[in-house]
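The values are calculated or read from the model by the stated rules, or taken from the named source; none is laboratory data. What you are looking at is a predicted structure, and each value in this text was computed from that prediction instead of being measured. Here the Cβ positions follow ideal geometry from the backbone for every residue, glycine too, while neighbour counts run over all protein chains shown. Quick note on the areas: whole protein, heavy atoms, side chains included, nothing else; ligands and nucleic acids left out. Shrake-Rupley method; radii C 1.70, N 1.55, O 1.52, S 1.80 Å.
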Amino acid sequence: MVRLFKGKREMDSGSFQVTSKDFQELLKKFEASDDFLTFQFPNDDGYIISYFNSLVSVQQLHEQVLAVMSNQPKKVLKQLKGDIPMEDMKLTADLKDIQRLVLAGSIMIRYKQDDEMCLLIPCVHSVKRQISTPESEYTVVGSKEAFVESLDSNLNLVRNRLPTPELQSKEFRVGSISQTRIAVLYIDGVVNQQIIKTVIQRIEDIEYDTIVDISFVSQMITDNRNSMFPQLIDTERPDHLASVLSEGKIGIMLDGSPHALVGPNTIISFFSSFEDYFQIWNLGTSFRLIRLFAVLFSVLSSPLYVAVLTYHYQVIPTDLLPILISSRGVIPFPPIMEAIVLEGTIELLREAAVRLPAKVGSTIGIVGGIVIGTAAVEAGFVSNVLLMLIALAALASFTVPIYQISNTIRLIRFPFLIAAQLYGLFGIALCSAFILSHLLKLTSLGSPYLDPLYPLRIHDFKDSLIRLPFSKQKKRPQFLRTKNPLRIWKEAETRNSRNDIDE
């Protein structure tokens, strides 16, 4: 006869005698939850089975555990472990292991004659999302698979693309309460071991109660946590992660997060789309340069408008001057007020479009921009020239392939606007100098952020501002300081054979 218990209300204090007081306190914490079940099998002198009903697969429990136990005479836990055809079972009396494994979906089995030990059998009931197409990194060509919330599934996607024993995965747990699994991926023999030591040390130093997303980890392990510029790339594409691992970078994945972190990175990496490598090199280079020009235009267009109309109107071409005069003839506000109103309106529309459902959000963004912009021009609050510049700047900012850097570009325009209002073109130059000095000091996992511009590395220009053909990229990026710099197999084998002969 099976007796089922739920919580502490039906618990007989004399039925489950354990020798450890700490173990009793742990059981009390478990039993305080209504989804923690405990029963004896098959009678009062049999095994005591406990588990969280919300974490355990009941079908697996009955088919692979209880079915075997019902056909076997009562044995000690060590013998029972050998009879149950399950993997990763653990026989332990360590309270930390018991707590961690039970909360991870394991069944805890105790025996009255051996009640200090617990047999923990994994029967996890996992609720997983099916692998779908990328959303923020969608490409016309290339793989259509994206990471999901399961760490094991994400590791499977990466290992299928890198079937080599050199691909290493080091797992840790972060969060004093959440105890979330985190994995650091790298290719041994390629990656710089100093980078691995740095990342592992920073992960082990994380002291926070709950880590629910990989973005938490990104903020805690970056070199400069106060910088507006991101230092780690967030990717949802397993093919992208596999590609950068082969370059000598590292990847970080968190259980429960459908994204992975990639580092070290340079500032050019945030303007390089993975789709650039799916096209011939001259097209990929052209699109990359277009993005860089679009970013500069997005940041500087409205500050230049404010600076020229406020201080340097003499630089306006004669043919353009009548157009600007007619557009601003009825505007009662100075150029800085126009720019701030329109920039603020654009940001409000962006936030509204993101927070609303997808179908409604796209409509709000388009219709709201047209209606508000037209109404503002007709009411005489802003000029149509500035409205066109702001619209083009917003459109140019959408060309950035990495979401994190796009947020930086959105906010960095406002310091330039203030500097342009205070000092004109000199203010824009001064603000640019401050940002450049910050970028010169910024690093990503110890690597220079402005590579290959500073320090100057001519070799790394082959895949930075421009992208040369794969035949010209025979070596990995120098700023990564990889153990094996060669990417062409024949040349690498020839070099290794020469080294063997020399030795």
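Tell me, what is the percent relative contact order of region 246-317, built from C-alpha pairs under 8 Å that lie six or more residues apart? Intermediate values should be presented prior to the final figure.
On the way: 31 pairs, mean separation 11.1, N = 72.
This gives 15 percent for region 246-317.
Over the chain, with the other protein chains present, what is the accessible area per residue in square angstrom, probe 1.4 angstrom?
Counting only protein heavy atoms, the per-residue value for the chain is 52 Å².
Compute the signed sum of charges (Lys and Arg +1, Asp and Glu -1) over the other residues within less than 15 Å, Cβ to Cβ, of GLN231. Numbers along the way, then the final one.
On the way: positive: ARG202, ARG225, LYS249, LYS441; negative: ASP223, ASP234, ASP451.
Charge balance near GLN231 sits at +1.
If packing is taken as the average number of other Cβ atoms within 10 Å across a peptide's residues, how do 51-62, 381-392 rank, most packed first?
Result, highest mean first: 381-392, 51-62.
Peptides 185-193, 222-230: what's the order by average Cβ count within 10 Å, highest mean first?
In descending order of packing, they fall as 185-193, 222-230.
For region 317-328, in order, what is each residue's ³J(HN,Hα) by Karplus, 6.51 cos²θ - 1.76 cosθ + 1.60 with θ = phi - 60°, in whole Hz (x at glycine and Pro)?
x, 4, 6, 8, 4, x, 5, 5, 5, 5, 6, 9
Compute, for the chain, the length of the dipole vector about the Cα centre, with Cβ point charges of +1 (Lys, Arg) and -1 (Asp, Glu) only. Units Debye, rounded to 20.
780 debye
Note the angle between two axes, namely the Cα long axis of helix 151-161 and the longest principal axis of the Cα atoms of the chain, as a number of degrees from 0 to 90, rounded to the nearest 10.
70 degrees
Picking from GLY189, GLY344, PHE381, whose Cα lies most toward the positive end of the charge dipole for the chain (charges on Cβ: Lys, Arg +1; Asp, Glu -1)?
So the residue furthest toward the plus end is GLY189.
Kindly rank 204-216, 449-461 from highest to lowest mean number of other beta carbons found within 10 Å of each residue.
Result, highest mean first: 449-461, 204-216.
Which option, (i) -0.29, -0.40, -0.53; (ii) -0.44, -0.57, -0.70; (iii) -0.38, -0.50, -0.62, is the value of log10 I(q)/I(0) by the Debye sum over Cα atoms at q = 0.06, 0.07, 0.08 Å⁻¹ that was calculated from these coordinates?
Label (ii) holds the value from this structure.
With a 1.4 Å probe and all protein chains left in place, how much of the accessible area of region 142-190 comes from carbon and sulfur atoms, in whole percent?
Carbon plus sulfur share of accessible area: 47 percent.
For the chain, what is the relative contact order in percent, using Cα pairs closer than 8 Å and at least 6 residues apart in sequence? Walk me through the numbers on the way to the answer.
Working: 753 pairs, mean separation 63.6, N = 503.
RCO, the chain: 13 percent.
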